[in-house]
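What follows is a single structure, written as structure tokens, with notes after it.
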Amino acid sequence: MAASGWAQVSEYPSPLIREQQTVVINGRPEVWRLQWTHRPKPYCDPNDDSWMTCPCLGVAFGESGDLILTRSVEGVEVDRLPLAPLFKDHEIPVPALQRWEPDWDKDLKNGLSSADGLAARAARRPTVKIMEFADYDHDGQKSEFYLEIDTQPCFHTYGIVLGVSNKNPRLHAFGTASHPDKAVEMDSVAWEALRKATGPVEVTVVHCGDHGAETETALKLHWNADGIDGATREYSCPENGGARRLLNEAPLP
């Protein structure tokens, strides 16, 4: 698979197409779309004060509904991936995408409720770009993107990576090398560390004391010809600056 690129980004080119981008794969331009199957409903609506709560982190001022990811070549759809099954049994129970981003400085200054005109201000902001293509599996192709699917606990967002790869040229949620058919869900911090890494990397996802945590959790991540792999590590939380100890290590689920 040759190097990929993208251009011609468009948010809401039609009422049901949330975003589309032209992606070049193997020298051939493809149109990728995030597409609602019906008109989406508001999610973490600025008219509802719940948008400021932890479950809305990353999806505030958003929309939700049945959503599919498609690829088209010369106007003909060649691949599609339903996204609703990937959200099942999560804090975000149905596909939800942020449409406008909160601006905390301005919103705090001008008011955080519908009575302060928050909804109208939000609607004047640019639509959030969802498909930020990158090479998470380090196969030389910027042909995948991160998608948030969970927001628990507070100040942590979890997600999956969607796209195509040398190993699997069909749209899919990325798994590990040992479990390629099961979407691997990780803290967004871990996905970003993997994207930037030039070799094996360990990233802490739960620090000592985070929401009362009595241990520290880290992910050790690497990639090989078979794809992403790694392990979850649990460390002790020593007092008085002592050295931490590895308590447990298990493969990524």
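The values are calculated or read from the model by the stated rules, or taken from the named source; none is laboratory data. Computed from a predicted structure; not experimentally measured. Glycine gets a Cβ as well: all are built from the backbone with ideal geometry, and neighbour counts include every protein chain shown.
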What are the residues in the stretch 58-110 that are out of contact with any Gly (no Cβ under 9 Å at 6 or more places or on another chain), modelled with pLDDT of 90 or more and in a loop (DSSP other than H, G, I, E, B), if any?
Val59, Ala60, Phe61, Gly65, Asp66, Glu74, Gly75, Leu83, Glu101
I'd like to check something: does the stretch 156-175 contain any residue that is touching a helix residue (DSSP H, G or I) at 6+ places or on another chain (Cβ under 6 Å), of a type outside the set (Val, Ile, Thr) and modelled with pLDDT under 95?
no
If you go through the stretch 31-57, how many residues are β-branched (Val, Ile, Thr) and modelled with pLDDT under 90?
1
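Select from the stretch 43-57 the residues that are touching a helix residue (DSSP H, G or I) at 6+ places or on another chain (Cβ under 9 Å) and either crowded, with 16+ Cβ neighbours inside 10 Å or part of a loop (DSSP other than H, G, I, E, B) (or both) and list them in ascending order.
Selection gives Tyr43, Cys44, Asp45, Pro46, Asn47, Asp48, Trp51, Cys56.
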Considering (1) without any contact (Cβ under 8 Å) to a residue 24 or more places away in the chain; (2) more than 21 Å from Gly163 (Cα to Cα), say which one Glu132 fails and leave the rest.
(2)
